[in-house]
1. Report the Cα centroid-to-centroid distance between the stretch 97-175 and the stretch 63-80 in angstrom, as an integer.
2. For the ranges 64-70, 54-60, what's the packing order if you count other beta-carbon atoms within 10 Å of each residue, average per peptide, and put the highest first?
3. For the stretch 126-165, report the translational diffusion coefficient in µm²/s to the nearest whole number, using Stokes-Einstein at 37 °C, 0.692 mPa s, and a Kirkwood Rh over Cα pairs.
4. Which order results if 160, 150, 47 are arranged by neighbouring Cβ count within 10 Å, fewest first?
5. Sort all Cα-Cα distances of the stretch 65-175 into consecutive 10 angstrom bins from zero, then give the percent of pairs in each bin up to the one containing the longest distance.
6. Just want the ordering: 86, 134, from fewest to most Cβ atoms lying within 10 Å of their own Cβ.
7. Please find the FRET efficiency linking residue 154 to residue 111, where r is the Cβ-Cβ separation and R0 is fixed at 22 Å, and quote it to the nearest 0.05.
8. Between residue 98 and residue 123, what is the spin-label point distance in nm, taking each point 7 Å from the Cα along the Cα→C-beta axis?
């Protein structure tokens with residue numbers, strides 16, 4: 001049953017085939033949807049979930065548990081670096097904080113458990129993209145987000161967002 005749930009979640013997360021349109025009518029390529037995925041288990045790092053990682057990145061994956069910050073850090077080359085943590089209030093709170101800052105915020109994707117947004121300086125310069133995905137796990141809300149200390153291209157962010165959307169909890173709420 002858990003494998004069927006995983007396949008359903010994976011199919012749902014990857015349903016945006018190359019050339020698909022998002023809710024704004026913009027075309028985009030979902031690199032994760034167009035590649036074969038390997039499974040990355042975070043169980044050895046304290047969280048029994050599986051992420052779908054493009055096979056060509058599997059040999060570059062580096063995962064570590066950073067106890068100082070209470071998070072799992074996943075990287076794969078220069079284009080993938082994201083954190084999994086419980087240090088998170090809510091997407092609504094994050095959106096309020098983003099909108100109160102100096103950047104102009106445009107939500108490219110906005111769902112109850114996921115946002116992908118573009119932040120631009122008021123003069124229209126220096127656009128950058130970020131994503132945040134919430135995951136219910138063992139009675140807590142965890143968040144998967146790109147490494148905020150690194151700058152990524154839009155394609156890199158979409159790749160990481162696709163990986164985050166492929167999350168498959170193998171144990172939910174102690175089941």
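Values quoted throughout were computed directly from the atomic coordinates according to the rules given, and no laboratory measurement underlies them. It should be emphasised that the depicted structure is a prediction, and the values quoted were computed from it without experimental measurement. Quick reminder, even Gly has a Cβ in these numbers, built from the backbone with ideal geometry, and neighbours come from all protein chains shown.
1. Taking the Cα centre of each part, the stretch 97-175 and the stretch 63-80 sit 16 Å apart.
2. Per-residue mean Cβ counts within 10 Å order the peptides as 54-60, 64-70.
3. Value of D from the Cα-based Kirkwood radius: 300 µm²/s.
4. 150, 47, 160
5. Cα pair-distance distribution for the stretch 65-175, in percent: 13, 45, 34, 7, 1, 0.
6. By the 10 Å Cβ count, ascending: 86, 134.
7. That pair, residue 154 with residue 111, gives E of 0.75.
8. Inter-label distance under the simple model: 2.4 nm.
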